[in-house]
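Let me begin by presenting the structure, written as structure tokens, before commenting on it.
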Amino acid sequence: MKNPQDLPKLSLGLFPTPCYPLEGVSARYGRDIWIKRDDLCGVALGGSKVRKLEYLLAEAQNGGCDTVFTTGSAQSNHAMLTAVCAARLGMRCVLFLKKRGITEPRGNLTLDRLYGAEIRFMDTDQYSYIYDQMLALDEELSAQGHKCCAIPVGGSTPLGTVGCVACAEEIAAQCDSVGHMVCAVGTGGTAAGLLLGAKCYLPGARVTGVSVYPDSFEDIVPQLAEDTAALLDASLVRTEGDFRVVSRIGDGYAVPNPADTPYIEELARLEGILLDPVYTGKAWAGMLELLKAGAFPGDGSIVFVHTGGAAALFALDLPGSGAPAA
């Protein structure tokens, strides 16, 4: 197997990110719970997408690109992190964002503009239409002598997913007796990287993806992990129960769940850690609900991968309030 670090990549984040036990939460829930702080990767407000961008933007630069496109929702963390990384590299960034949810200059949209990205709102739910618009702009800019790179939503390609394999390698070195890894699933790249990384560095560890977007991640994630394995000259040997997806979408993508608020408040008050209400907050709440139901067999540690997204706290209202959940 190739070492992920041996593939062409940029150094954009501060890795490895911290991984440590949550003493207050562990005591409250009676289980050894750790957190992997990819929100502390040193780029903007952080997030696991930086791991993907180190590889994707290295490929773009090596190909002579001076412009990068990507897409996502109006408050996309991936789009914001692409904007800041492109700015650092001196690349033009054009964001094709769905005109859905909070489109006022708040949260990540404020940061997108701060980092100099050009924002084009797309009044559609179809990514195929957005990719067609990217292609049209690519042709226009190419005629002017520019070279463009289009990064798919979430950066969830096999090359981008390589960065998330490295996340699992870090966890293996930082945490003892890992039984489970849990992350939010919006496009599948992080979960796929953890699944492949578990096979390589944490034999026996299981991966749970908490879905925040309505897609067939039961199929998407393993296929993406398999394609990433091929890129690394590795093999993905599946075992029963090594990966599962649970839904925490609620009323819709990017719509907060009132039932998640007590869990977000609890983590903030016990550990001083912020989660957003549409991505990591849903995943964290989903994990604790599963834990209460006895859905994490064995006595190994549970590692929650904090993939970032705090800017959403400044764009959306946190619905509901009350006492801690436990």
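Could you please report the charge total around Ala83, scoring K, R as +1 and D, E as -1 over all other residues with beta-carbon less than 12 angstrom from its beta-carbon?
Result for the local shell: +2.
About the Cα centre, and with charges only on the beta carbon of Lys, Arg (+1) and Asp, Glu (-1), how big is the dipole of the chain? Nearest 20 debye, please.
Charge dipole, the chain, about its Cα centre: 360 debye, nearest 20.
Quick one: Cα centre-to-centre distance for segment 264-303 and segment 25-86, in angstrom?
With segment 264-303 and segment 25-86 each reduced to a Cα centre, they are spaced 20 Å.
I need the Debye-formula profile for the chain: one equal scatterer per C-alpha, no solvent, reported as log10 I(q)/I(0) at q = 0.15 1/Å, two decimals.
For the chain at q = 0.15 Å⁻¹, log10 I(q)/I(0) is -1.23.
Are there any trypsin sites (Lys or Arg not before Pro) in segment 223-326 that are in a DSSP loop and have at most 13 other Cβ atoms within 10 Å? List them by number.
Sparse-neighbourhood loop trypsin sites (Lys or Arg not before Pro): Arg238.
Treat the count of other C-beta atoms within 10 Å as a stand-in for reagent exposure and order Lys2, Lys36 from fewest to most.
Lys2, Lys36
Using a cut-off of 14 Å between beta-carbons, work out the net charge of the residues near Gln144 (Lys and Arg +1, Asp and Glu -1, Gln144 not included).
So the surrounding residues net to -2.
Give the average over all directions of the projected area of the C-alpha convex hull of segment 218-326, one decimal, in nm².
Computed as one quarter of the Cα hull surface, the answer is 8.8 nm².
If you count the DSSP beta bridges with both ends in the chain, what percent of them are antiparallel, to the nearest 5?
10 percent
Could you list His306, His146, His78 in order of exposure, starting from the residue whose Cβ has the fewest other Cβ atoms within 10 Å?
Lowest count first: His146, His306, His78.
For the pairs Lys2/Lys282; Lys98/Lys292; Lys9/Lys36; Lys2/Lys98; Lys2/Lys292; Lys52/Lys98, note any where the Cα-Cα span goes beyond 29 Å.
Those over the limit are Lys2/Lys282; Lys98/Lys292; Lys2/Lys98; Lys2/Lys292.
Specify whether the C-alpha gyration tensor of segment 49-155 places it in the rounded, prolate or oblate class, a ≥ b ≥ c being the square roots of the eigenvalues: rounded for a/c under 1.5, otherwise prolate if a/b is larger than b/c and oblate if not.
Cα axes put segment 49-155 in the oblate bin.
Work out the charge dipole of the chain with +1 on the Cβ of Lys and Arg and -1 on the Cβ of Asp and Glu about the Cα centre, then indicate which of Ala293, Ala225, Pro18 is farthest towards its positive end.
About the Cα centre, the residue reaching furthest to the positive side is Pro18.
Taking a Cβ-Cβ separation under 4.7 Å as the criterion for a possible partner, which cysteines of the chain have none?
Cys with no partner Cβ under 4.7 Å: Cys19, Cys41, Cys85, Cys93, Cys148, Cys164, Cys167, Cys175, Cys183, Cys200.
Taking the 0 to 90 degree range and rounding to the nearest ten, how far is the long axis of helix 77-88 tilted relative to the main principal axis of the chain, both from C-alpha atoms?
50 degrees
Using a Cα-Cα cut-off of under 13 Å, which aspartates and glutamates could be cross-linked to Lys147, ignoring same-chain neighbours fewer than 8 residues away?
Answer for Lys147, where 13 Å is the Cα cut-off: Glu59, Asp66, Asp138, Glu139, listed by chain and number.
Treating the beta-carbon of each Lys and Arg as +1 and of each Asp and Glu as -1, no other charges, what is the dipole magnitude of segment 49-155 about its Cα centre, to the nearest 20 debye?
Dipole of segment 49-155, to the nearest 20 debye: 420 debye.
Computed from the coordinates by the stated procedures, all read-outs in this text should not be read as laboratory data. Remember, predicted model here, so these are calculated numbers, not experimental data. Cβ coordinates were reconstructed from backbone atoms using ideal geometry, including for glycine residues, and neighbour counts include every protein chain displayed.
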